[in-house]
Amino acid sequence: DELRCLETFGSTAYSSFSNDGTLILPRYNDPVLGLRILVESLAKLKRLDDVERCISENIDRELRKIAEMEQAKTLAKLEKRRNKAGNTGHRRNATSMGLDAAEEKLKDFRIHMKSLLTSFGSVMLRLSHLAQILRHRITSDPNVRTPSYSDPTSALHGVLVAATVTMQREIKSFLHGCLSEDEKLDSAFQTMRMVTPSMMGTLGKSSRNIASTSNVQSNGQGIFSLGIINDASLASSLREKYSQNLSIATRSSVMRMSAKEYVLEVLCPRTGVVPQISHALTFRKSISVWTKECSDLKGELAIVTHEDTSSPVYNATTEETALDYLDKIIQNTLLPMMQDAATNGTIHALERPDAFDPISGVGIYNSSVKGKKIKVDMCAACQVLYSSTGPLFSALPKLPRGGEMYIPLVGALENAIRLFLSRVKQRILDLCDGKKAFQLLEERHSRHVTKLSSDMEARRPFTQLWNSYFDEDFGGLNSNVSTPTGRSGINPISPPAVDTKSKRIPDDDRSGRLTLTTGVGAADQLQREQESFEEEVSHLMELLNFTDPRYGGLFKLSTEEEFLKAVSLSHSLLKLASSFERRLKPKQSTWSKTVTAPRTLRDSIKEIRMHGLRLAKFCRMEVLLQTVQRMSTIYQSSSLTAKDAVRLPTSVNSLGEYLSTISDQIRENGGNKIAAYALSSLEQYVPLFLMETVRNIAVGDGLPHGFKISLHGVEALDKCCSVLYRDLKSATGFENSFWDEAVAADAFDRAASYVALMEFDMDELMSHWRNNRSEFTDDDYRIMFAMSGPNRKGDIQKYAALKERM
């Protein structure tokens, strides 16, 4: 059928020749069909011996043309974007595109490399198809004589080797321009400034005289040909030269450039990218995948055509591959440099006297940020650790896991983090050791967490704190980046045995974050929160013993400076752990799989997170202790016995001032998240402390001789409920606060109701008990019936009689 089509095409005179008499060759949409017809035609012409010679003579030139076409395409894209940016006045924004700034600058380089590898991959696939068809034709027909091929099963092997060598040279030439291993050139790039096309439009307009232009031309050799200047005053005179370079870089001239010249004279000046060794990591993954696919294609061809893979000729190489070239640079130059930077940077940061001190930022009383979310920077040590280890984290997914480069890289990261953690542990002990809040959370000698610390993690505020910092799933790292996990530019010779997989990954569930209210109603949620609160209070009963003579001396509290340093360090550690985990996640892709990071590295990051949460709980307990210390003296206030007017106890005013001040200070030093957690649950504890005050007054323990609460005193206690509710709500009225309106309303209503029982006469108290027996416990009602208030005389027997009748 194929030959008949070809013969029919050749016998039709009118369709075989154009108007000028040239022969019109047939075109095929299927390249394999075209190759089969070509081989069959050459077999009939007895020219199969000439295939390898003809291709070998032209392979270098043809591959160079492909590289030239890709250079011209990339130039056209750059020109189109530059013209569009000039017309609209917009530039690409790396943040809006969701990429790092460094990766965004190299986007044009990566696109060009991807296009080049795809084109070369297509050539390798066509040559492999040709070799397969040719070998089959020779071995299947004993009448075919091919003296040029000593072994028919390895026909065109030399062509494939030559093509591979040429491709590797082209790729390495491009890489050499991007990496710039010349130390003099590299140092010049680091000390000088690149003038990009976007900078040209922003510089001031000045006269463009020939003398200044010629001066730049005379000095514009080497690095100056890339548009680099030492002084900004030279920019105006350089614009003319730069414009000339842009106009000279036409399609024809670009196509004549070598890959290295194209990088240094076109891509770098137009994108503002400085050639650096660190760029090797950007290209390694794509080149690794391409090399693996070419190797698989070579092995598949050998299997299909029964080629001898044990022959020395089969595995002989005459050229260093681009992947080996990159790996040598990474292993010998780049990785040691990054490891030293991470280690030395961390050590220098930890040796600073202000390594863990808070970073002062925007004032909280600034009208533009008051009440809103404040961005608080990490402490200096955390910032340096994050920035110095950034190159190492970015290199992790680009290197083969478990190889000679990967293990030392992970080791350097672990060493830097472990060194940082050793100082963090000592810093935490310096700030917290000996404090009452720390003793409540951890055992003194073993440092094991107490039951209170575990119950705090079951509370809703802790879940909210966790979600505010760690609101995404922790994905990890690819297990082996050398193995392509998605579609490639080179299709296999044989068709797939099964259908291709769907782009949707059924097991890719991203709903693993901690839930708060899923499937729980408002009443059930309130009940569950009350139960968890009571469980937490069961470990803090010593705080409610206001009448203990040594009560005030039992608490060793932090100073304001120590507390704010703990707040800042807690925020810094949590933010650092969250940033590290985000770095370990693979970039989102429809073809990506669930992968894991090295366990030891994940454990180190988890330890940073653990210390951040540890300090956050310390800050919450410290605020609670400061609150209860101020409220523990309300029951002794003389305002409660006043008969002439209603006056608030001084400790209530002191608590309101403290809550307002500490809220602002925590937000300024630790941000809204830490402030929200530190002030959380106070809407339950403050009413609890008020009720405990009422119990102490009713029982009479620790009260001065002759103390008797007046009606004005009861009204003062009732006013304390409303004033503290207002102060607490004002202190937590910032953005993303954990204030729970339903919980606060329920708790303060119960406290106000309990205060109101003090002014009831006996009949009103008995009626209230009949209608609201479940509002308070039996012990609370027993205390009220035994209390002699302003309008009644205590009689516990009446309560006992009521209980018997009910």
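The values are calculated or read from the model by the stated rules, or taken from the named source; none is laboratory data. Everything quoted here is computed from the prediction, not taken from an experiment. Every residue, glycine among them, receives a Cβ derived from its backbone with ideal geometry; neighbour counts consider all protein chains shown. Calculation scope for accessible area: heavy atoms of the full protein, side chains included, ligands and nucleic acids excluded. Shrake-Rupley method; radii C 1.70, N 1.55, O 1.52, S 1.80 Å.
Of the residues Asp340, Asp357, the one with the largest accessible area comes first in the ranking Asp340, Asp357, computed with a 1.4 Å probe on protein heavy atoms. Sorted largest first by accessible area at a 1.4 angstrom probe radius, with every protein chain in place, the residues Lys436, Lys708 fall in the order Lys708, Lys436. Pull out a ≥ b ≥ c, the square roots of the eigenvalues of the alpha-carbon gyration tensor of the stretch 626-665, then state rounded if a/c is under 1.5, prolate if not and a/b is larger than b/c, and oblate in the remaining case. Judged from the Cα gyration tensor, the stretch 626-665 comes out oblate (a/c at least 1.5, b/c at or above a/b). Distances between placed amide hydrogens fall under 5 Å for Gly402 paired with Ile407, all partners being 5 or more residues away or on another chain. Shape class for the stretch 685-724: oblate, because the ratio a/c of the largest to smallest gyration tensor axis (alpha-carbon atoms, square roots of eigenvalues) is 1.5 or more and b/c is at least a/b. Maximal additional length on extending the Ser56-Glu443 stretch stands at 131.5 nm, based on 0.36 nm per residue less the C-alpha distance. Structural descriptor for the stretch 733-806: relative contact order 27 percent, calculated from alpha carbon pairs under 8 angstrom and at least 6 residues apart.
Under 5 Å from the amide H of Glu442 lie the amide H atoms of Thr450, each residue being 5 or more positions distant or on a separate chain, with H modelled from the backbone and absent for Pro and chain starts. FRET efficiency for the pair Arg81 and Val32, taken as 1/(1 + (r/R0)^6) with r the Cβ-Cβ distance and R0 = 35 Å, rounds to 0.40.
Gain on full extension, evaluated as 0.36 nm per residue between Arg256 and Asn467 minus their Cα-Cα distance, stands at 70.3 nm.
In this structure the amide hydrogen of Arg352, modeled in the peptide plane, comes within under 5 Å of no amide hydrogen from residues 5 or more places off or on another chain. Each residue of the stretch 416-433 was assigned a 3J(HN,Hα) from its phi angle through the Karplus curve 6.51 cos²θ - 1.76 cosθ + 1.60 (θ = phi - 60°); the sequence is 5, 5, 5, 4, 5, 5, 4, 6, 5, 4, 5, 5, 5, 5, 4, 7, 10, 4 Hz, with glycine and proline shown as x.
Residue by residue, the stretch 32-40 carries 3J(HN,Hα) couplings of 5, 4, x, 5, 5, 5, 4, 5, 5 Hz when phi is fed to the Karplus relation 6.51 cos²θ - 1.76 cosθ + 1.60 (θ = phi - 60°); x denotes Gly or Pro. Along the stretch 290-304 the Karplus relation, 6.51 cos²θ - 1.76 cosθ + 1.60 evaluated at θ = phi - 60°, assigns HN-Hα couplings of 5, 4, 4, 5, 5, 5, 5, 5, 5, x, 5, 5, 5, 5, 5 Hz to successive residues, with x for each Gly and Pro.
Heavy-atom accessible area for Arg599, with the other protein chains in place and a 1.4 Å probe, reaches approximately 150 Å².
The peptide list 313-319, 48-54, put in order of mean Cβ contacts within 10 Å with the highest first, becomes 48-54, 313-319. Straightening the chain between Asp430 and Ala458 buys 7.3 nm, computed as 0.36 nm per residue apart minus the Cα-Cα spacing.
Near Leu409: Cβ cut-off under 12 Å, other residues only, Lys/Arg at +1 and Asp/Glu at -1. The net charge is 0. In this simple spin-label model, placing a label point 7 Å from the Cα along the Cα-to-Cβ direction at both Arg145 and Lys798 gives a separation of 13.2 nm.
Listed here are the pairs Lys44/Lys65; Lys451/Lys556; Lys451/Lys585; which of them are more than 23 Å apart at the Cα? Result: Lys44/Lys65; Lys451/Lys585 exceed 23 Å.
Distance between the 7 Å Cα→Cβ label points at His348 and Lys451: 5.1 nm.
With a ≥ b ≥ c the root eigenvalues of the C-alpha gyration tensor of the stretch 30-83, is it rounded (a/c under 1.5), prolate (a/b larger than b/c) or oblate? Oblate is the answer for the stretch 30-83, as a/c is 1.5 or above yet b/c matches or exceeds a/b. With R₀ fixed at 56 Å, the C-beta to C-beta distance from Ser660 to Val313 puts the FRET efficiency at about 0.10. Projected label points at Asp778 and Ala645, each 7 Å from Cα along the beta carbon direction, are separated by 4.6 nanometres.
A 1.4 Å probe, protein heavy atoms only, puts the accessible area of Glu775 near 50 Å².
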